[in-house]
Structure formats: C-alpha cells, structure tokens
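Participant: Handing you this structure, nothing more for now.
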Amino acid sequence: MAQKIIVQGTTGKSTVYIGEPIERLSDHIPEENIIIITDDNVDKLYRKTFPKGHVIAIGTGESIKNLETVQNIYEALVAHEADRTSFIVGIGGGIVCDIAGFVASTYLRGVRFGFVSTTLLSQVDASVGGKNGVNFQGYKNVVGVFNQPEFVLCDLNLLKTLPRREMLCGFSEVVKHAAIGDADLFKYLEDNHEKAVTGDLSVIHRMVYDSAVIKSAVVNRDEREKGERRKLNFGHTIGHAVEKTTGMPHGQAVSLGMVVATEVSTRKNLLQKSEADRIKTLLKNLGLPTRFDIDRKRLLHAMRKDKKRELNRIHFVLLDAIGSAVVEEIELEEIETIMAEAGQEKR
Ligand SMILES: NC(=O)c1ccc[n+]([C@@H]2O[C@H](COP(=O)([O-])OP(=O)(O)OC[C@H]3O[C@@H](n4cnc5c(N)ncnc54)[C@H](O)[C@@H]3O)[C@@H](O)[C@H]2O)c1
C-alpha cells in the first residue's frame, strides 16, 4: 500500500503517493483525453508502462527548460485538439514536472494535471509543493506559477534505472531537508549512508517519505514563499551561483552551497563546529563534494545576479542546529569575507 501525504494549497489539494507503481497511474486519471508529457529518456525506458494517451516527448536537459519548449507543447496540444476536458500527466524528473505543470496551468487558463516523478530529486523535492515554471534569459525558474498537481506518484522502482550522478542530486536535497527540519532523519542518514549509496530501496523509501513530509509541512504553512518556505533554499543561493559559474550538476553545487552556508552559520556563532563537521561528513559519505576552489569574485557576481537578490542584501538560510534553520538578511560582502577567511585557514 502506498503511503499518502497531503499538500493543501490555495489552488487545491495535492496527494503525494509514496510507493505507488506507475502501472496504477490509470486509477488516478480519467479514462479519456490524457496527454502525457515526458522526456526522451523516460519515454524510451518506460513508454510500455504508460496508460492510453497522446504522448509528447521533449528532449532532455536544463537547456530545454524554456519558453520555446512550452510553445512547442502548446502547438502539439492545439494540433491534438486538447480541450478543457484534457488531463495532463508529466512523467519524468524535475524538468518534465516543472514544464508540464506550467503548461497545464496556462493552456486554456488551466487544465487538470498530475505527475509521475521518476528521479530521486523530483520525488524528494521538485514535484512536491506546486512550483511550476521555466528558465528565462539564463535566470532559473523566473517564469512560472504556483499551482498544485492533483497527485504525485513516487514509484521507487523507477529509480533502479537512474544514473548514479542523478541519485547524488537527490541525496543532496534529502540532506537539505534533514538539516533544516529533521534531526532524526539526519541521524538515520548518518547510520545508513552506505545502504543509501548502494540504492537500498528501504533506505530510499524513508528518504523520499520523510522529505515529502518535511517539504509538504513547510508548503502547507507558507505556499507562496513569503517566509518559512525560504528555508528550503538552504545551500541554494550559493549552489545556483556555483552551478552557473562552473556548470556543475545541481545536487553537487547545492552540496557545496550547504558547506558554505554551514560555515557562515558557525562563524556567526549560530551553529556548533561539531554539528557543522557532521554535515560535511554526511555529504562526503554520500559521495557529494565538500571542497571547492572557485573564484570568489565570480561566485559573488553570480549571486548578485540571482533572482533572489535584494540589492546587496539577500535572504540567506543558516542553521542554528541540525534540524533547525533560520533565515537572515545578510550582506553579500559578509559571505565573501567568511569564505575568504575559511579559505585562508585551510591553506
Ligand atoms: N519545482 C520545484 O520546486 C523544484 C525543486 C527542485 C528542483 N527543481 C528543478 O528540477 C530540475 C532538475 O530535476 P531532475 O534532477 O529530476 O533532472 P531531470 O528532469 O533532467 O532528470 C535527470 C536525468 O535523468 C533522466 N531520467 C529521469 N528519470 C529516469 C529514470 N527513472 N531512469 C533513468 N533516467 C531517468 C532524465 O531523462 C534526465 O536525463 C531543475 O530544473 C530544477 O530547477 C524544481
């Protein structure tokens, strides 16, 4: 039996099913007028498990997450005479879900939609919470909507075909959730990192379930990111800048972002050094990077250009303990100074 978690958004209720096989998708959708949006890899691997419907496959990679792809999908929908009775299902990772949710929210001013989440990152993070959108002019996710999918199916068996690199991206977001909101999950990850790395599905199940519980609770209190939801950006302000300046995969960049945010937390006397060390060790044990040598000036420049900037001060997520985050407005220069000091001490 799948476990269920409810996200109660202003646009409607979303049910996240953990452990629901893709073969049961037809129990969650109408019998007719199904449009499936997927990417080329997932299409090749799993088309035989899709229910009856019109399939639109959209290539792969962050570079396709843009308005041009959205327009191509609108054209396919018009050509297929999709109407208000159509139901859109995004079957794929975060990229497919972000795009499919945006298309479904805007085509004909909105049609019904749901997701089958096929990557660890989308199961633990991207498909939960109702943020849908695309990148624009090099800025991540700046065009989009808040709108809850009717359902999110997380079939853990789909992760067996996921490349290791993509599993790592998911681990990074699980550590984020544990670090900001669940000390028990953090301890569990410390005790079970070896099994996680080998893809043990009972450990992965706990990672997905607990992450969905943490994220949905935050979203239920602050769907539109006016306050508490910002905590979910732990490691991401720096992470996005690292991603942009180095082209490093998202999860690895976020791992480095969490290391810096942890360092800032200890230097501001919020977090004990021993707790910061635990975070670094866990990231390392999960196969994520914790050391980097990136030009600070370039990084700060990229952060200044990040969409979350507010002049020279940004909302920055810090930890005051493992399992407890605080959001502070902080000067970019302060982050730069701390990074410089930390770099000096390590020489
Ligand atoms: N909406 C949100 O709240 C939110 C939160 C976090 C991240 N995101 C977004 O999510 C995106 C990243 O998502 P992602 O990491 O899932 O990337 P992705 O969708 O690109 O998937 C990663 C790769 O795995 C392949 N793949 C997918 N499922 C597979 C499977 N079961 N077996 C084998 N291969 C499979 C894909 O084809 C792709 O090549 C980013 O664009 C990010 O901005 C959104």
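Participant: Output the residues belonging to segment 86-136 that are assigned to a strand (DSSP E or B), under 23 Å from Ile180 (Cβ atoms) and near the ligand (Cβ under 6 Å from one of its atoms).
Facilitator: Lys131
Participant: Here's another thing I want to ask about it. Only one of (1) out of contact with any Asp or Glu (no Cβ under 7 Å at 6 or more places or on another chain); (2) within 16 Å of the ligand (Cβ to nearest atom); (3) more than 28 Å from Val213 (Cβ to Cβ) fails for Leu25. Which number is that?
Facilitator: Unmet condition: (3).
Participant: Out of everything in segment 180-222 that is more than 16 Å from Leu286 (Cα to Cα) and not in a helix (DSSP H, G or I), what residue ends up being modelled with the highest pLDDT?
Facilitator: Asp182
The values are calculated or read from the model by the stated rules, or taken from the named source; none is laboratory data. Here the structure is a predicted model, which is why all the values come from computation and not from measurement. Cβ: placed from backbone, ideal geometry, glycine included. Neighbour counts: every protein chain shown.
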